[in-house]
1. If I filter region 60-79 down to residues being away from ligand 1 (no atom under 14 Å from the Cβ) and among the polar types (S, T, N, Q), which single residue comes out as modelled with the lowest pLDDT?
2. So which helices (runs of 4 or more DSSP H) are wholly in region 179-256 and hold at least 3 residues that are touching an Asp or Glu at 6+ places or on another chain (Cβ under 9 Å), within 16 Å of ligand 2 (Cβ to nearest atom) and touching a residue at least 40 places away in the same chain (Cβ under 8 Å)?
3. Look at region 104-140 and say how many of its residues are within 13 Å of ligand 1 (Cβ to nearest atom), of a type outside the set (Ser, Thr, Tyr) and either open to solvent by 10 Å² or more (accessible area, probe 1.4 Å) or not in a loop (DSSP other than H, G, I, E, B) (or both).
4. Quick one: residue 358 ticks every box in (1) closer than 26 Å to residue 244 by Cβ; (2) surrounded by fewer than 16 Cβ atoms within 10 Å (Cβ to Cβ) except a single one, so which number is it?
5. Spot the failing condition for residue 482; the list is (1) under 28 Å from residue 247 (Cα atoms); (2) at pLDDT below 95; (3) part of a loop (DSSP other than H, G, I, E, B), and only one is missed.
6. In region 199-227, what count of residues is obtained for those that are more than 27 Å from residue 101 (Cβ to Cβ) and of a type in the set (Asp, Glu)?
7. Restricting attention to region 80-91, and to residues there that are open to solvent by 20 Å² or more (accessible area, probe 1.4 Å) and outside any strand (DSSP E or B), which single residue is nearest to ligand 1 (Cβ to nearest atom)?
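The values are calculated or read from the model by the stated rules, or taken from the named source; none is laboratory data. What you see is a predicted model; the values in this text were computed from it and never measured. Please note: Cβ atoms are built from the backbone with ideal geometry, for glycine as well, and neighbour counts cover all protein chains shown. Each accessible area value is taken on the protein alone, full model and side chains, heavy atoms only, with ligands, DNA and RNA left out. Shrake-Rupley method; radii C 1.70, N 1.55, O 1.52, S 1.80 Å.
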Amino acid sequence: MSILPNLTSKTRYASLPDHFYRRVQPLPLNNPYLVSFSPGMAEILEIDPASITTPEFTEVFTGNRLLNGSEPIATVYSGHQFGQYVPQLGDGRALVLGEVEDREGTTWEIQLKGAGLTPFSRMGDGRAVLRSTIREFLCSEAMAGLGIPTTRALCITGSKDEVYREKIESAAVLTRVATSHVRFGNFEFFFYRQQYDDLKLLADFVIDQYYPASREAENPYLDLLQQVIDKTARLIARWQLVGFTHGVMNSDNMSILGLTIDYGPYGFLDTCTAHFVCNHSDHLGRYAYDQQPQIGLFNLSCLAQALLPLIDDQNEQAAADKAQEKLNSYQSLYTEYYEQGMRDKLGLKEVHPGDGHLIENLFSAMENQVDFTRFFRALSQFEETGENHILRDRFIEPGRFDRWADIYRARLALEKSDPAERRQRMRRVNPKYVLRNYLVHRAIVKAESDDFGEIETLLSLLTRPFDEQPEMESYADEPPDWANTLELSCSS
Ligand code: AMP
Ligand code: MG
């Protein structure tokens, strides 16, 4: 039985010169077993369902057995980490096995994360632990369920081999799937080494493969920058709209396709707190929820800097001016995507001048008062006439809700929408279920004693986050008290 019938062993990225990557053999783990797989992703890759439970499947996605002709590669990149340039990073524990073209003609890179050392492992061990693979697996698929651009995940395999983190944990391998894993940092690597010919090869590759329309532009590299600015603004707006905090928005964790990539200490807001910091190691709150839009711009500036030699190779100042003009479009693009998304969440169809104000007012009313996801979900029940007890009673200080409700009521009156129809629309954009930290923690605790059922439960729940699933009602609850002490760090 063929495991990945459509796998092309040569990835497109490997058509670039040798020094863009290294060929690396995965290092086996002992007695691997399947922890979980995503039926949705398996279907896209046209994997025979009967093959999934075979030992061969587990061996292939642990890296213990290579599929015919597969020549795995680890790519080199660099990036700005917490604002500082780090000259060399790279896939320290990730290998692309090959690619699969799906029925729609989309080509997916199949990557093992945690399959052993690579030349870019630096001080790391090339491994991933069960805990972190579960976090990435579930969130990738949950984001896909929310319709937010993201890398995907096919499966997790585990082994009892020990991995040393703050404590001893067991090893696991995540199979990550993405149309491209190229990061802003791939560009920065060649720019800072002044390898401008390589920089151009990379940019041409990305344009030809992923942004073919930019080839037609007067300046393809400037247009590439504009496209990435647009995709990034859109992505970060989507994060803000569901209360998602990435946690480590370094420029090496920014996808050139505007995908959410590298799930580490991420978090969804429970109580609405603008300065929510999910990464316990982020003492200054650089990557707090409310900082993400401006950090997006910082990272785009890093990318723009790296593209300057291509934007104008004769005149540095002219290149910088052109790039700056593009960067200047970020704020308004972001605001446009964000405000449109918020209007959808509030059930508003028309655009009115005071909308920004309405949104700002809502967030100041919600701050430290209500659960983010539960409030937005419940807002579809807003009555234009009436006291709205269901909503106001959620607030520690209900008067805050009342003041905002007056503005909202007046704004709704400008549109005269049908309440039943509005309610339906709002439920399609305000999820009932998100991957709250306590939910993923519970699944990890069970998995660490070899019970993987909760992973499957969450996966199936979060594939349909907008649907009422009455038997799953408790999964929409606010975190229990024990969850207050949970802490997340970069350790993975
Ligand atoms: P991250 O913070 O996960 O985005 O990782 C930053 C860099 O560290 C990347 O180059 C990773 O490949 C590398 N890295 C993270 N964990 C490990 C590990 N356990 N072994 C080798 N490299 C790692
Ligand atoms: Mg990373």
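1. 68
2. By residue number, 184-192.
3. Qualifying residue count, region 104-140: 16.
4. (2)
5. Exception for residue 482: condition (3).
6. 1
7. Only one residue fits best here, namely 88.
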